[in-house]
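Comments concern the structure below.
Read the figures in this text as sums done on the coordinates, not as results from a lab. On a predicted model such as this, the values are computed, not experimentally measured, just so you know. Note: ideal-geometry Cβ built from the backbone for every residue, glycine included; neighbour counts use all protein chains shown.
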Amino acid sequence: MKRMLILAALIAVTACASRPDNPYEKDPFYARYLNSGSALDQRISETLAALRTNPDSPTLHNNLGQFLVAKGFPQDAEREFERAINEDGRFYPAWYNLGLVRAGHDDYSGARRAFHRTVRLKKGHPHALFQLGLIEEKRGDSEQAIAYYAKAIRHNRAMLDVRYNPQILDSKLVYLVLLENYPRSHARDAGKFEMTPSGYVEPQREEVSPEAQAKDIVTPTAPVTDPATQTPPPG
């Protein structure tokens, strides 16, 4: 039985590798530009080899797409992100990466669709929200752009840090975004409770007289009463 299972697995792998619609049976044209001495090129070669036996993996397609962008082949990268999505339509990293590539060659309508799908699949995705803000700012819709920027920053305050999000410099609306978020952040910061200070030692309980103990008791706030009736006023 064990031997039959192993044989079946080998047949499945062979069939997958030799299936007629496997685009990786032959090296793509960019393979001729791969230099075995480059770490990036080595990763591309390894991913291509993995896709020859597992062409249905959205993760492999997504990884190859990122490597191809770094290599300077954005069109081939876009195709890999699309293949990742075709294998798993809920794989939101590929949707986000597809949006970046499309925005990179000014396909803003295609990029908007990809970023919207990202946010639909991954609620509060700050980078996708920020990219939607950039697109709306380019389209001249400042109100919608500010709304996207503000939401992105509410989900991740680091989006304001140029070291974390260099594209913050591409927006001329940041000061308006800060004003949009000010009421929320001000209320949150103003209402911070204090934590127990470091090094605090709780007092040891000792037997004390009721009179001394009463001095340290904080009397709970009494409900407001109507002086005339001495009963709580109606709510």
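A compact table of results
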read-out: Distance from the range 90-137 to the range 45-64 (C-alpha centre basis), Å; value: 23 Å
read-out: Set 122/172; 26/71; 26/138 screened for pairs whose C-alpha atoms are more than 29 Å apart; value: 26/138
read-out: Shape category assigned to the range 11-110 from the gyration tensor of Cα positions, a/c cut at 1.5; value: oblate
read-out: Cα gyration tensor shape of the range 124-183, rounded if a/c is under 1.5, else prolate or oblate by comparing a/b with b/c; value: rounded
read-out: Fewest-first ranking of 41, 21, using other Cβ atoms within 10 Å as the exposure measure; value: 21, 41
read-out: Cα-centre dipole for the range 124-183 with unit charges at Cβ (Lys and Arg positive, Asp and Glu negative), debye to 20; value: 160 debye
read-out: Rounded if a/c under 1.5, otherwise prolate or oblate - the range 85-137, Cα gyration tensor axes; value: oblate
read-out: Residue-count net charge about residue 88 - beta-carbon cut-off 13 Å; Lys, Arg +1, Asp, Glu -1; value: 0
read-out: Residue order, fewest to most beta carbons within 10 Å, for 149, 175, 24; value: 175, 24, 149
